[in-house]
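Report on one structure; see the data block that follows.
The values are calculated or read from the model by the stated rules, or taken from the named source; none is laboratory data. Treat the numbers as computed from the prediction; the structure is a model and nothing was measured. Quick reminder, even Gly has a Cβ in these numbers, built from the backbone with ideal geometry, and neighbours come from all protein chains shown.
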């Protein structure tokens, strides 16, 4: 029984100790050698994942950190396997893991709805403060490299692990941990005190002890000694004045920058330039981060020791610079620094900055004041706390520019030199072009009050040296081209040419030249009647002179290659080439359906009719249903269709007609179906019913269809075989009759040839249309009637009552 009680209490002690170990912070814990991964729960694994995720460590960095705190390699591998298993289980639900980083999943005991994954983390430090990017940027970690060769100046301390190896004639290897007293014990050698020594000094001491005892070959060179650092110890550093002040456990290889990053950098009012490293209660180093930010100097990035204190005091003076500098922001200024130093911190002026002076807004005891700092004061002026510097942009004006435009070979802006004349400027522009107007040029000059003055000159006199004009700043010289001073001449041709349109006028251009430029005459051109309309040039207009143009008629231009029967054209002439009388391009129509010889046919005469085409097609087949014949006519005149649509829409808008919304859609149909009565046409060829055909028309005769379709608001829309004895009503009854919403009185029939016929009414009698084979009976639906609301009924009743009162009053007046 006592043995069981002893075992019970031992188990409780172990569980308590393990729980104490497991509850510690994985990153800040000093000793991880007692952790057993097999005894960890999934919740504890998730907790460690969250800590690693918050630190932004990679797998490699986390492994180095755990090893430095005494965690055994086997336990590290087990922890990685446990995390991989949890991530694999998580991936089954659709989440992806990055194999290069320890991706920490959210704690499964947390409310996932409270996590906003789209929210960007708030920066620890105001981004405008110079240096904030060191601590706001998550890609910068400043983590120490734990896999570098052992530094010779590394100072050994308690819990460091030394790897001692002797090789050569004698061979031995020891992995020894430095005790809390700073000593190591080497078998057959004894205890050696190495605490506080550098690796280099410790190696010499260990070699001396070993060669005087069990390893004499180390003295004569027969064997060699190697002392390296195995697992490094952890140190405790206290940081105050930071965004996250507190005590931090760091690897002993950590530097000041590592610690500053872990604590989130200076607080809102913390200094970036006077950070104090206190060691053994004395100021050991004053750290200025600007040396690293501006020059990349890491002389302040010193190694830390156990119990070091980093104190970040409040800043003394901060100033802000904005505008045209390369790095605007808020900067910390130390006593004795000048405005030139501030410019250096902000990376200097930008390319378009105004550098002659800078405006600064300062605080006084009561109010603000503005001061101008000139370039000669940049080296001596010392900024004050709270100063706001504004760097302006260069003025958009030139000190020594003159311009020349127009008929010169190289126009644009040029440098104004001392004593420069107009002649010199024209030479810089490579001279005037051949089309330059040399009788007059202009200089546009700005007066002192910025008004413009026009100075005229003779270009020829300036070029031959008889006229000299000195130029001034911002003078603008204009030399016009002769083409700028006249209308652009052109001639045009219309009618039967291949490319009608407008063409540039040239001296001595003739009628035949213009026709050739237009691609020559078209096939239907009538060369014996060509008109040339010419612009009338007159000084006065009288009531007797009603001419709008002069018309020149050309009876025959003959061959275009000959020079005869040709006239010279003048600017703005319009040439019109007529079409030959009766000329008509060949047009094709199509015969389709139940014809003996269906297919395309070219119209043989200008007024070829349906009866003519039936004869050419050889008549009908025995299955032809000539009562269903129709002509399909394509709408080619898009311009006329658009005009009709515009007119109808205008009339509808004026009449506020909204009942016919499909009218404009019908106008833009691709083709129209024209119903015809072939029996009547063949009996009376040439009659008005005998339609005159047009190009692209299609004459169609369907196959006999002995069915009648009944559709619309009937109980069962269907097709019914044609029966001569059936009337209109019989077909409706065969489809189940008219439905409740059907409007029988408005029923109509569509015949096979496209004609439609509605039900007629006379008094109480209804005359239903005749049903023919292949037709369709349509029963429309009754329109929906909206019932009067209570308010509308009251309104109508009130109106009737008022009307009745008016009628009674009128009757009383007439008595």
Filter pass, residue 412 being loosely packed, with under 15 Cβ neighbours inside 10 Å and at positive phi: yes
Residue in segment 666-686 that is modelled with pLDDT under 70, under 30 Å from residue 744 (Cα atoms) and in contact with a helix residue (DSSP H, G or I) (Cβ under 7 Å, 6 or more places away or on another chain) present: yes
Test: residue in segment 151-166 that is over 22 Å from residue 228 (Cβ atoms), modelled with pLDDT under 85 and touching a helix residue (DSSP H, G or I) at 6+ places or on another chain (Cβ under 6 Å): no
Test: residue in segment 377-392 that is outside any loop (DSSP other than H, G, I, E, B) and over 24 Å from residue 332 (Cβ atoms): no
The lone exception for residue 389 - which of (1) over 30 Å from residue 322 (Cα atoms); (2) buried (at least 17 other Cβ atoms within 10 Å of the Cβ) it fails: (1)
Qualifying residue in segment 699-709 (condition: out of contact with any strand residue (DSSP E or B) (no Cβ under 7 Å at 6 or more places or on another chain), more than 30 Å from residue 613 (Cβ to Cβ) and part of a loop (DSSP other than H, G, I, E, B)): no
Segment 604-624: number of residues that are at pLDDT below 90 and in contact with a strand residue (DSSP E or B) (Cβ under 7 Å, 6 or more places away or on another chain): 1
Whichever residue in segment 482-516 is at positive phi and not in a loop (DSSP other than H, G, I, E, B) and, among such residues, is nearest to the chain's Cα centre (by Cα): 501
Some residue of segment 283-292 being in contact (Cβ under 8 Å) with a residue 40 or more places away in the chain, more than 30 Å from residue 362 (Cα to Cα) and not in a loop (DSSP other than H, G, I, E, B): no
Yes/no for residue 695 being out of contact with any helix residue (DSSP H, G or I) (no Cβ under 9 Å at 6 or more places or on another chain), touching a residue at least 12 places away in the same chain (Cβ under 8 Å), in a loop (DSSP other than H, G, I, E, B) and loosely packed, with under 14 Cβ neighbours inside 10 Å: no
Residue 524 in the same structural domain as residue 573 (by TED's automatic domain parsing) and farther than 26 Å from residue 572 by Cβ: yes
Matching residues, segment 171-189, being loosely packed, with under 13 Cβ neighbours inside 10 Å and out of contact with any strand residue (DSSP E or B) (no Cβ under 6 Å at 6 or more places or on another chain): 171, 180, 181, 187, 188
Subset of segment 488-512 (residues that are more than 10 Å from residue 572 (Cα to Cα) and in contact (Cβ under 8 Å) with a residue 40 or more places away in the chain): 493, 494, 495, 496, 497, 508, 509, 510, 511, 512
Of residues in segment 200-234 being assigned to a strand (DSSP E or B) and modelled with pLDDT of 85 or more, the one surrounded by the most Cβ atoms within 10 Å (Cβ to Cβ): 227
Elements of type strands (runs of 3 or more DSSP E) contained in segment 726-767, each with 1 or more residues being modelled with pLDDT of 85 or more: 748-750, 756-758
Residues of segment 445-459 classified as out of contact with any helix residue (DSSP H, G or I) (no Cβ under 9 Å at 6 or more places or on another chain) and surrounded by 15 or more Cβ atoms within 10 Å (Cβ to Cβ), total: 1
Residue in segment 489-502 that is modelled with pLDDT under 90 and in contact with a strand residue (DSSP E or B) (Cβ under 8 Å, 6 or more places away or on another chain) present: yes
Complete set of residues in segment 541-593 that are within 60 Å of the chain's Cα centre (by Cα) and loosely packed, with under 10 Cβ neighbours inside 10 Å: 548, 561, 585, 586
Filtered residue count, segment 443-481, keeping only those that are outside any loop (DSSP other than H, G, I, E, B) and either in contact (Cβ under 8 Å) with a residue 40 or more places away in the chain or closer than 30 Å to residue 571 by Cβ (or both): 11
